[in-house]
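Let me begin by presenting the structure, written as structure tokens, before commenting on it.
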Amino acid sequence: MKLQLRYFALLRDQRGLGAEEIETGAATPAELFSELSGRHGFTLELDQLKVAVNEQFVDWSHSLKSGDTVVFVPPVAGG
Amino acid sequence: MFSISPGPIDGSALGKAMQDHAAGAFVLFEGRVRNENEGQVVTSLEYEAYEEMCHRQGQSILDAAKERFGVIAVTCVHRSGHLALGDVAVWLGVLGSHRGEAFAACRWIIDEIKVVLPIWKKEHYASGDSGWVRCEACAAGHDHHHSVTQDQASE
């Protein structure tokens, strides 16, 4: 399925861009992160991240749908 | 209302707009850029925000605060971009009938903002280094768990 990805902060630095559209067979954010991390060599682990789909935080086992916007969220530091 | 501002926040204008004759209390919190963090001298910083999600989650936090504390109005603006020492990073104003709920709502909102909002901070240090805050161990890929209660314990 096609997904929209956004990258921020350390992940944006490591991916080298802020947004991309990808085609993937991953069914969950956990599978997707594993695929992307393997391809791009991210140094962050799953337990250091949260994941948002369509601007809502979801579980790593959430079922992805075609057209979803997925963002892996490094440790936040607002406020 | 929650918003992200790419430029300096006009706190005076925001405060003047918060008027309601039912309000006996106005509580204001400003988060400002400090010159030290975890033993390092900070010279400036940058905030990066996932803006669409910040608007949604930020508004959700303000709505929850009104529901939970019964305050009259809440306005919050968070900066993005480059900030200098002393700059206002986040402006939060709460109007309440009485000071009890206004103080409580203000405290709760800023605590939630710090944990929930997809905003990241890159500090620049006097040493010439820079780094994403709370990501000291991320770049090295250490077995490091980010516990929100422990990390958010103090300003």
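With all protein chains in place and a 1.4 Å probe, the accessible surface of region B:57-126 carries 50 percent carbon and sulfur. Temperature 25 °C, viscosity 0.890 mPa s: under these conditions the Stokes-Einstein estimate for the protein assembly as shown, based on its Kirkwood radius over C-alpha pairs, is 130 µm² per second. Buried between A and B is an accessible area of approximately 2600 Å², summed over both sides with a 1.4 Å probe. Rounded to the nearest percent, how much of the accessible area of chain A (1.4 Å probe, protein heavy atoms only) is carbon and sulfur? Exposed carbon and sulfur together represent 47 percent of the surface. Compared with the dominant Cα axis of chain B, that is its longest principal axis, helix B:99-116 is turned about 30°.
Each principal axis of the Cα cloud of region B:1-92 was evaluated for its coordinate range; sorted largest first, these ranges are 44, 27, 24 Å.
For A:Arg15, what charge total do you get from the other residues with a beta carbon under 14 Å from its beta carbon, if Lys and Arg give +1 and Asp and Glu give -1? Neighbourhood net charge equals -2. Taking every alpha-carbon pair under 8 Å whose residues sit at least 6 apart, region B:28-114 reaches a relative contact order of 38 percent. The relative contact order of region A:1-70, computed from alpha carbon pairs under 8 Å that lie at least 6 residues apart in sequence, is 42 percent.
Where the alpha-carbon atoms of region B:40-108 are placed on the principal axes, they occupy 40, 26, 17 Å, in descending order. Ordered from longest to shortest, the equivalent ellipsoid semi-axes for chain B are 30, 17, 14 Å, each the square root of 5 times a Cα gyration tensor eigenvalue.
Secondary-structure-derived ellipticity at 222 nm for the protein assembly as shown, considering helices only, amounts to -8500 deg cm²/dmol, per-run term -39500 (n - 2.57) for DSSP H runs with n ≥ 4. Diffusion of chain A by Stokes-Einstein, at 25 °C in a medium of 0.890 mPa s and with Rh set to the Kirkwood radius over alpha-carbon pairs, works out to 196 µm²/s.
Cysteines of chain B lacking any other cysteine Cβ under 4.7 Å from their own Cβ: B:Cys54, B:Cys76, B:Cys106.
Here's the list of lysines a cross-link from B:Lys114 could span, going by alpha-carbon distance under 23 Å and ignoring same-chain residues fewer than 8 apart: A:Lys50, B:Lys66, B:Lys122. Working from Cα pairs under 8 Å separated by at least six residues, relative contact order for chain B is 32 percent.
Entry comment: accessible area of chain A is 42 Å² per residue, from protein heavy atoms only and a probe of 1.4 Å.
The contact residues of region B:102-126, meaning those that lose at least 40 Å² of 1.4 Å-probe accessible area when all protein chains sit together rather than their chain alone, are B:Lys114, B:Trp120. Principal-axis analysis of the Cα atoms of chain B puts helix B:51-69 at an angle of about 50° to the longest axis. Once the C-beta distance of B:Gln40 and B:Val115 is scaled by a Förster radius of 30 Å, the resulting FRET efficiency is 0.85 to the nearest 0.05.
For region B:2-98, what does the accessible surface come to per residue with a 1.4 Å probe? Please give it in Å².
Working: 4740 Å² over 97 residues.
Solvent-accessible surface per residue comes out at 49 Å².
Residues of region A:18-56 buried by at least 40 Å² of accessible area upon assembly of all protein chains, compared with the chain on its own (1.4 Å probe): A:Thr43, A:Asp47, A:Gln48, A:Glu55.
The values are calculated or read from the model by the stated rules, or taken from the named source; none is laboratory data. Since the structure is predicted, the reported quantities are computational estimates derived from the model, not experimental observations. Backbone-built Cβ (ideal geometry, glycine too); neighbour counts: all protein chains shown. In case anyone asks, the SASA skips ligands and DNA or RNA and just uses the protein heavy atoms, side chains included. Shrake-Rupley method; radii C 1.70, N 1.55, O 1.52, S 1.80 Å.
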